[in-house]
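The structure appears right after this line, and notes come after that.
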Amino acid sequence: MSEGSLPLYYRESFFSKDSLLHPELKAGQPGIAGDPVPYTVRGDDAITCVLLFCFVVTLLSFAHSRNYILHQLKSFLYFPLFSAHNSQSEGEGKFFIQLFLSILTCLLLAILSYFYVTNFITETFVLDAPYQVIAIYCGVFMLYFLCKTFVYNLVNSIFFGGKKSRQWTWTFTFITALEGVALFPAVMLLVYFDLNMQYVVYYFTFVLFFTKILTFSKCWLIFFKQISVFLQIILYLCALEIIPLLSLAGALILITDQLKVNF
């Protein structure tokens, strides 16, 4: 008996049109859709590439300018052996390295600010991508350091001369770069090892306090050691260190209030 003369129930079964028996037919995925994986910074390829790039460049910077960094560190303790002319001749080639590390400091501070806000304030923002929030924070920190450097150069050039002003610019850039290097391990532990944010806040407070102590001591050695006027250095540091820092904190609070979703 030919196939065409067979009854229909012989030629077609219940599963004859099932997609499992016909791979040429397109079919949907069996089952139900699961919950999407929540966004994490550790799973972000762009953030990982940026942190890896910063890590490699930081290691290369230290390998390339190790002697200069050691000389700068010694100058904080042994000021009589520190020569402004030597610092200028050695620092001109290393200034761009310090400038890059200062930009790295702004990026790390932006990432820490993003984590702090998401842990203690809000997890929802009016912007869709976290890159935009981190970029805004990074821009705020860069503007802060640029304005602070400009005001330092203006005030120091007027009252102390161009030579000491340039010396302070190299020192301030070095301290800013040193702050970024100190914060880098905390950011890596926070992003990839879920370090408690409270411990990071304690560590950041210690790093900030330590860098301010270095700033105060170096400022006294460069500008006020020969003058020995205690009131002047207090006014100088309050006007150029404490007030800008409080202004930065206020700006971050206002920007965060505008970025978060207010219910």
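For (1) modelled with pLDDT under 60; (2) open to solvent by 70 Å² or more (accessible area, probe 1.4 Å); (3) in a helix (DSSP H, G or I); (4) touching a Lys or Arg at 6+ places or on another chain (Cβ under 7 Å), each residue gets a yes or a no:
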{"site": "S13", "(1), (2), (3), (4)": "yes, yes, no, no"}
{"site": "K17", "(1), (2), (3), (4)": "no, yes, no, no"}
{"site": "L20", "(1), (2), (3), (4)": "no, yes, no, no"}
{"site": "Q29", "(1), (2), (3), (4)": "yes, yes, no, no"}
{"site": "C49", "(1), (2), (3), (4)": "no, yes, yes, no"}
{"site": "L52", "(1), (2), (3), (4)": "no, yes, yes, no"}
{"site": "L60", "(1), (2), (3), (4)": "no, yes, yes, no"}
{"site": "A63", "(1), (2), (3), (4)": "no, yes, yes, no"}
{"site": "Y68", "(1), (2), (3), (4)": "no, no, yes, yes"}
Task: Test for I222: is it more than 23 Å from L60 (Cβ to Cβ), at pLDDT below 85 and crowded, with 17+ Cβ neighbours inside 10 Å - done: yes
Counting only residues in the range 150-207 that are small (G, A, S), more than 17 Å from the chain's Cα centre (by Cα) and surrounded by 13 or more Cβ atoms within 10 Å (Cβ to Cβ), the one farthest from I222 (Cα to Cα) is identified as S157
Here the qualifying pairs (Cβ atoms under 9 Å; residues six or more apart or on different chains; first in the range 232-255 and in a helix (DSSP H, G or I); second small (G, A, S) and at pLDDT 90 or above) come out as L252/S113
Checklist entry - Does V133 fit the bill of being touching a helix residue (DSSP H, G or I) at 6+ places or on another chain (Cβ under 7 Å) and either modelled with pLDDT of 95 or more or open to solvent by less than 10 Å² (accessible area, probe 1.4 Å) (or both)? => result yes
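The values are calculated or read from the model by the stated rules, or taken from the named source; none is laboratory data. Source: prediction; values computed, not measured. We place every Cβ from the backbone using ideal geometry, glycine too, and count neighbours over all the protein chains shown. Side chains included, ligands, DNA and RNA excluded: accessible areas come from the protein's heavy atoms. Shrake-Rupley method; radii C 1.70, N 1.55, O 1.52, S 1.80 Å.
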